[in-house]
Amino acid sequence: MRYLPKSPDERKQMLAVVGGKSIDELFSSVPEQYRLKKALDLPGPLSEAEIIQYFKARAGENSLGYTSFLGAGVYNHLRSVITDTIIQRGEFLTSYTPYQAEITQGTLQSIFEFQTLMCQLTGQEVANASMYDGSTAATEAVLMAERLTSRGRVLVARSVHPEYRAVLKTYAKNSGLTVEEVPISVDGTVDTKVLQSSLKEDVAAVLVQSPNFLGVIEPIADLANIAHKVGALLVATVTEAVSLGLVNPPAEADIVALEGQSFGLAPSYGGPYVGVIASREKFVRQMPGRLVGQTTDSNGRRGFVLTLATREQHIRREKATSNICTNQALCALAVTVHLCLLGKEGLREMAHQNLSKARFALTELEKIPGVRRAFDAPFFNEFTIELPRSVKLVNAQLLREKIVGPFVLGTAYPELTKHALVCVTETITRVEIEKFASALRSALQQPV
Amino acid sequence: MTYPPSYRYTTQHEWIDAKDGVGTIGITDYAQHELGDVVFVELPKPGAKVQAGKSFGTVESVKAVSEIYAPVSGEVVEANADLETTPEKLNSDPHKSAWLIRIKLADQAELAKLMDAKAYDAFISEKNKEASA
Amino acid sequence: MTERFKKASQHVSQNERLIFETSSRGKRAFELPPLDVPPADAAKVLGHYHRDEGVSDFPEVSEIEVVRHFTRLSTWNYAIDLGMYPLGSCTMKYNPRVNEFVARLDGIATEHPYQPQELSQGCLKIIKLLEDCLLEITGMDSITLQPAAGAQGELTGLLLIRAYLQKQGNPRKKVLIPDSAHGTNPATAVIAGYQVENIKSESHGQIDVEKLRDLVTEDVAALMITNPSTLGIFEPRIAEIADILHRQGALLYMDGANMNALTGITRPGDMGVDVMHLNLHKTFSTPHGGGGPGAGPVAMKKILEPFRPTPVLIEKDGGRLLLDANRPESIGRVKAFAGNFGVLVRALAYILAYGPGIRQATEDAVLNATYIRKKLEGVFELPYSLPSMHEVVFSDARQKQNGVNTMDIAKRLIDYGFHPYTTAFPLIVAGAMMIEPTESESKEECDLFIGAMKSIAHEAATNPQLVKTAPHTTRVGRLDEVGAARKPILRWKQAPARSEAAD
């Protein structure tokens, strides 16, 4: 087997050293009755070429050749080939968590750079070394607010990603946290009247998303003011991080939970992505996840180490801030490389192209009779439209034109029966937008 | 370092200096030595109630977290704010400037259950003997 | 051969500043295709939400500078690709490159989790095949691939147990955890809403079955066991342990962190385990990447199946695969979307490469660990004498007499060209030296490691100072962790403006 570096003779030599007559003797501590008597029933062995062939065949059964207008928390953006080239360097790819600082300065410095980039983007003072993804980061951010305030109620905007809300619900169930939903107002933002009336002194946090799941930008500064009046914390989550190139960061929020997928990570059918928690410096001791700090070595030179580790599970055990051990270091590295490539101007330009193309698409779609923009508040690269008929049926028509239609909002919001969430990033061309508009027009003209 | 004779001590290595119904609480030199370099101290806010034998805060070194237990019960009147910025004082001056909290004593009689300096010294010597055995 | 082969020597290591310090206004490393629609007036359409200035202090560098920056940083890392990585309980094995290749294919990496399921059959077939393979390997009935990592798998497993017991009328109060367990176990139990009760190991480092009998009451929801234990020792009474729990209506959770010792040899499902997680980034070779991403599938017995996180994969007539979210008894979601799919792809590619021959990997892993144990016995103290499997735990008791501890020896290994083994864990061994070579090491690499360890033991006896101040060959010396924790500097900041002459 090509992954195993031993000849039969070397195995024999080693076995002789340990004084075993057969390999089976090495497993003598496993009771006979539980030892497998036959080989596992697994497909393979496959050569490298056969493995590639298998996965290419599976790839062919997916959506190759379609143009997609899906976003909803996962975005298609341009990625430089450099990002994958760098993160596939064995020194990064095949290294462990940097506990041995002397021989992992590469990973440590890159994480320190990642933490800095995340602070700059979000307008926050500190950021961790990454979390599993946006959904778990948002959940952990809420739990962090619970610890900071010692309060047990959380208000969550209904405009937060439905799957993020679902994850929070799972985690909250056994932690004594009560989660209540705040409805959406007519312009698509969180209903501040209901929010204000639900906010009492027992509320730990208000969780909002911006741009929210309907594409609309939330008034973070106003929401922070409202939350702070009763001593609650504002937790803001961002699923489309490219927006931060052009939209004001949630600097007024107390904790930010960001999904970084948009920065150099492929959609990859749902993961791996990378979450981040950023917050005010005074909250850092309650922040979950790893942190890298700058320090000096025995010769006074700058170096980096994992720090404030006492918050973590391997030391605090049952008193840890979270049970998370891994972060998403390699994904965080991809984000770091990608953002260094984009730079200040590149990020701004990318964000601007998203805004421009989404505006253009909206204009084109609004020309179609019966199609209307659902919410008036400003948006970035996603917007909600209302159609005169079922989005599901329309999408089925679009598929025939090799178009993956917009997200069907009715699946997550039963009240939005004829609403679709359209996402247009810089990867979509004008021609594709026009083709989409014309396909939608003819789909709507078909007899029902 | 000698253990101040006017203080009282616990088996968990806290000391208390009680005067006029107010007790100043800290950790002993032995405790700071066991902990190693202290990097962070977490203390309760004034007004918080502490209970004899129950944890009221934590002291952190780089790789360990230790609970600090109240020698006696009472209400916190002051926490040592200096330790927020200079936790290293706990290593250099544990019996004086690096006190942790002051409390209003709930029950003076609880003090009698604690060791005096001589008894604590003997307790430590016994511990050291065990360790080297 | 006249000269003995020496693994490590020194070479030039280039210095590199932070990327922010090399930034200069107006440089670019990335260009977009020209905008083909009318440009939006951002200030107008975004109004007061418009970020006027862009992101301040964001780097501005050229392409070659980005490539050199990260390439230089990479050379400061140790990695499996450079040599043996004997970190106990971490299973640092070779990460096959074909796995990286297939995970990045168009049609795999490009797929959106919300695209229609009829356009996702390829992805779903990959998930299905991996599910089937892992069920065969573990001997369990049902599985979820959603959890993002081992710790999340643990949580999922305990939530499944909780939901199952809740349905019987009482979720119960306590989870029992051996003192040799990884710290994540107790942290997870608390998040799942349970109190933790630690069980002391008996004198051989095994679970004290007699004591367990007393501890398992109707308050106990589960026992979390690691098998082989963190000492690398198989728990032979596992079926009896399962039986004790089951009699009281409690369940047996197995931490599958050490599955690399069992794959193809025996199956947890056959020994009475009710639920377990797997670390795909350990046993199934997906890269650690400097600390993630991972994946932590949870395999379970039939009784727990109704509670799996949503959505679950189901097969319709004609073999069409679907993700079904309509599961009324489900514990809910633990993560958005369909799990860390890219990691799942890599794990499946690994399994396909071996097929049934995966047993050989287990055999080689155990052979390597046993070989190292045999060769180092007598040089280092072996606190537990039961046969070890995929890893061996020594202690620094002998070297300590000269003031040299496990961390010193670990750091000195760096100078010999190896990554340190795991120190200070498991907690039940004072001065633990936990060595897991995995199957990926050749006899020659094992011999070099053994030689290095013996040489360090000799140094510890004759020149302890040399070991205590190690490493001596790295680009940075031991770092001031105390200073880092007392006054945390967690990000770069633009230094206040000053005159250039001051440099």
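For the reader, a short list of remarks on this structure follows.
- Cβ-based exposure ranking for C:281, C:419, in which fewest neighbours within 10 Å come first: C:419, C:281
- Formal net charge of residues neighbouring residue C:476 (Cβ-Cβ distance under 10 Å; K, R +1; D, E -1): +2
- Too-long pairs where the Cα-Cα distance tops 29 Å, listed order kept, from A:56/C:301; A:21/C:468; A:344/A:402; C:454/C:487; A:37/C:316; B:45/B:89: A:56/C:301; A:21/C:468; A:344/A:402; C:454/C:487; A:37/C:316
- For region C:206-222, 3J(HN,Hα) computed residue by residue from phi via the Karplus equation (6.51, -1.76, 1.60; θ = phi - 60°) reads 9, 5, 7, 5, 5, 5, 4, 3, 6, 6, 7, 10, 6, 7, 8, 7, 6 Hz, glycine and proline entered as x.
- Theoretical FRET efficiency, 1/(1+(r/R0)^6), r = Cβ-Cβ of residue C:494 and residue C:214, R0 56 Å, to 0.05: 0.35
- Cβ-derived FRET efficiency at R0 56 Å, residue A:301 paired with residue B:75, nearest 0.05: 0.70
- Computed from the Kirkwood radius of its Cα pairs, the Stokes-Einstein diffusion coefficient for region C:101-356 at 10 °C and 1.306 mPa s stands at 85 µm²/s.
- Sites matching GluC sites (Glu not before Pro) across region C:1-50 that sit in DSSP coil, with at most 16 neighbouring C-beta atoms within 10 Å: C:3, C:31
- Long-range amide H partners of residue A:218 with built H, under 5 Å: A:212
- Under 5 Å between amide hydrogens, built in the peptide plane, is the criterion, and for residue A:233 it picks out A:205, A:206 among residues at least 5 positions away or on other chains.
- Average Cα contact separation per residue, chain C, under 8 Å, 6 or more apart, as relative contact order %: 18
- For the peptide A:347-358, the mean number of other protein chain Cβ atoms found within 10 angstrom of a residue's Cβ is 5.
- In this calculation the C-beta distance from residue A:400 to residue A:363 is compared with R0 = 25 Å, giving a FRET efficiency of 0.50.
- Over all orientations, region C:1-151 has a Cα convex hull whose mean projected area works out to 18.7 square nanometres.
- For the pair region C:367-417 and region B:1-60, the centres of their Cα atoms are 39 angstrom apart.
- Inter-part distance, region A:63-109 to region A:262-284, computed on C-alpha centroids, equals 12 Å.
- Cα gyration tensor, chain C - rounded (a/c under 1.5), prolate or oblate: oblate
- Region C:343-359 - phi-based ³J(HN,Hα) in whole Hz, Karplus 6.51/-1.76/1.60, Gly and Pro as x: 6, 4, 4, 5, 5, 5, 4, 5, 5, 4, 4, 8, x, x, x, 4, 4
- Other protein chain C-beta atoms within 10 Å of residue C-beta, averaged over A:168-175: 6.
- Listed from fewest to most Cβ neighbours within 10 Å, the set C:9, A:243 follows the order C:9, A:243.
- 3J(HN,Hα) couplings calculated from phi for region B:16-25 with the Karplus curve 6.51 cos²θ - 1.76 cosθ + 1.60 (θ = phi - 60°) are, in sequence order, 9, 10, 9, 9, 6, x, 10, x, 9, 10 Hz; Gly and Pro show x.
- Filtered trypsin sites (Lys or Arg not before Pro), region C:279-364: DSSP coil and at most 13 other beta carbons within 10 Å: C:316, C:320
- If the convex hull is drawn through the Cα atoms of region C:220-362, its volume per residue in Å³: 153
- Anisotropy class of region A:42-137 from Cα gyration tensor, a/c 1.5 cut: oblate
- Within a straight-line Cα-Cα reach of under 17 Å, residue A:418 can be paired with the following lysines, leaving aside sequence neighbours fewer than 8 residues apart in one chain: A:392.
- Mean Kyte hydropathy of -0.5 or more with a Cα span along the axis of at least 18 Å, helices from DSSP in chain A: A:105-122, A:134-149, A:329-366, A:430-445
- Amide H contacts of residue C:40 (H built 1.01 Å from N, under 5 Å, at least 5 apart or other chain): A:356
- In loop segments of region C:147-231 as defined by DSSP, the GluC sites (Glu not before Pro) with at most 13 further C-beta atoms inside 10 Å of their C-beta are C:202, C:218.
- Cα-based shape type of chain B, given that a ≥ b ≥ c are square roots of the gyration tensor eigenvalues and the cut on a/c is 1.5: oblate
- Over chain A, the alpha carbon radius of gyration divided by the compact-protein estimate 2.2 N^0.38 Å works out to 1.13.
- Per-residue mean of foreign Cβ neighbours for A:131-142 is 3 (Cβ atoms of other chains, 10 Å radius).
Read-outs throughout are calculated quantities, based only on the coordinates presented, and are distinct from any laboratory measurement. Just so it is clear, the structure is predicted and the values come from calculations on it, not from any experiment. Using ideal geometry, Cβ is built from the backbone for each residue, glycine included, and neighbour counts are taken over all protein chains shown.
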